[in-house]
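J.: The structure is given below, and queries will be raised subsequently.
Every read-out reported here was derived from the displayed coordinates using simple, explicitly stated rules and does not represent laboratory data. Keep in mind that what you see is a predicted model, and the values were worked out from it rather than measured. For neighbour counting, all protein chains shown are included, and Cβ atoms are generated from backbone atoms with ideal geometry for every residue, glycine included.
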Amino acid sequence: MTSLPIASPLDAAPARSTWPEALRALLALTKPQLAFMSVLTALVAYGAARPAAGTALATLIGTTLAAAGALSLNQWWERRADALMQRTQGRPLPQAMVTPDTALGWSTALSVLGVGLLALAVNFSAAVIAALTILLYGLVYTPLKRRTRWATELGAVSGALPPLLGNAAAGDLWAAPGTALAALLLCWQMPHFFAIGWRHRADYQAAGFRLLPAIDVNGQKTAAWSLFYAALLVPVSLAPWMLGHLGVIYGATATVAGGLFLACAWQFKTAPGNRDASARRLFFASIVYLPVVIIALAIDRLVM
């Protein structure tokens, strides 16, 4: 059972921003780039399932609000940890651009509006998956980062749910393209986050996170797990093509992209001495891999 963060002087810090700055700070709390990727994967799955009903707009708005709520909750919970890490000290809460109470209210409002809209204008299944995503990311993964190295895997589960939300919104929870995208995301996230974690391990250690890169002295375990998930990603990503659910455009793209991604993970694993350069290559490979494969899936589905 999770417990609420212990109060600290940061909780009482007054907001020192103007209204325009406060609005920008509230937007920054939602981590727009991460929210965009969640919404994108949900909409790709929604479109690939070829929905009969015209619920695209409600799915877009509801998913966006729910993702923004989950990510804002993450920043509220980690406000003190963010203040200890160089890469996150500039976020709104450590900079006292908004108060913690405002951030929590913002997160709650976004989450309730998103789930509520999906329940009322789309369907109950989509709303349940959105709520589950918020709970797993905000109330399970986030606090467990200080307790167990397996928090990253739990976070990856929440990150893999948006395609299933898209499937549910389209009326077919287990539609093959969206299910394949969810499985792909589950595997892809691990090398992606391990590469980030290794590059910022000093920050994670300063914040008291127990994530694998923070407790892995020489990076051997971090690199080995990155290679394992990158290798698992290849058959997982190719399965829908091999089973006939997707065509050659997707299959060829996933084969090439997966092979290159795996090669970068192998370099991370076999790097002599300092692994920082190979971790950086793996990170950049991960941010290229995902949009390329998603675009291939969307194009493949359009022409099938």
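J.: Which whole-number percent gives the relative contact order of the chain, counting Cα pairs below 8 Å spaced six or more residues apart? Let's see the in-between values first.
T.: Numbers: 499 pairs, mean separation 54.7, N = 304.
Contact order relative to length: 18 percent.
J.: Checking the a/c ratio against 1.5 first, then a/b against b/c, what shape does the Cα gyration tensor give for segment 103-192?
T.: oblate
J.: Distances over 18 Å make up what percent of all Cα-Cα pairs in segment 13-173? Can you show the working numbers first?
T.: On the way: 7415 of 12880 pairs.
The answer is 58 percent, as a whole percent.
J.: Continuing with this model, one more query. Using a Gaussian network model on the chain with a 10 Å cutoff between Cα atoms, which of Ala254, Ala70, Ala52 fluctuates the most?
T.: Highest fluctuation of the listed residues: Ala52.
J.: What are the residues whose amide H is under 5 Å from the amide H of Gly171, where those residues sit 5 or more places off or on another chain and H is modelled from the backbone?
T.: Long-range HN contacts for Gly171: none found.
J.: Counting only residues 5 or more places away or on other chains, whose amide H sits under 5 Å from the amide H of Ala96 once H atoms are built in the peptide plane?
T.: none
J.: Calculate the length of the line joining the C-alpha centroid of segment 218-251 to that of segment 97-156, in whole Å.
T.: The two parts, judged by their Cα centres, are 27 Å apart.
J.: Once you treat every alpha carbon in the chain as an equal point and sum by Debye, what is log10 I(q)/I(0) at q = 0.08, 0.10, 0.15 Å⁻¹?
T.: Each listed q maps to, in turn, -0.36, -0.57, -1.20.
J.: Work out how much length Arg24 to Ala109 would gain on full extension: take 0.36 nm times their residue separation and subtract the Cα-Cα distance, in nm to one decimal.
T.: That works out to 28.9 nm of additional length.
J.: Could you give me D for segment 175-304, from Stokes-Einstein at 10 °C and 1.306 mPa s, where the hydrodynamic radius is the Kirkwood radius over C-alpha pairs? Units µm² s⁻¹, please. List each step's numbers first, then the result.
T.: Numbers: Rh = 15.1 Å.
Estimated via Stokes-Einstein, D reaches 105 µm²/s.
J.: While we're looking at this one, here's another question. Tell me the net charge near Leu227. Cut-off is 15 Å between Cβ atoms, Leu227 excluded, with +1 for each Lys or Arg and -1 for each Asp or Glu.
T.: Its environment carries a net charge of +3.
J.: Now, a different point. Could you give me the ³J(HN,Hα) list for segment 211-222, computed from phi with Karplus coefficients 6.51, -1.76, 1.60 and θ = phi - 60°, whole Hz, x at Gly and Pro?
T.: So the J values, rounded to whole Hz, are 5, 3, x, 7, 10, 8, 4, 9, x, 5, 5, 4.
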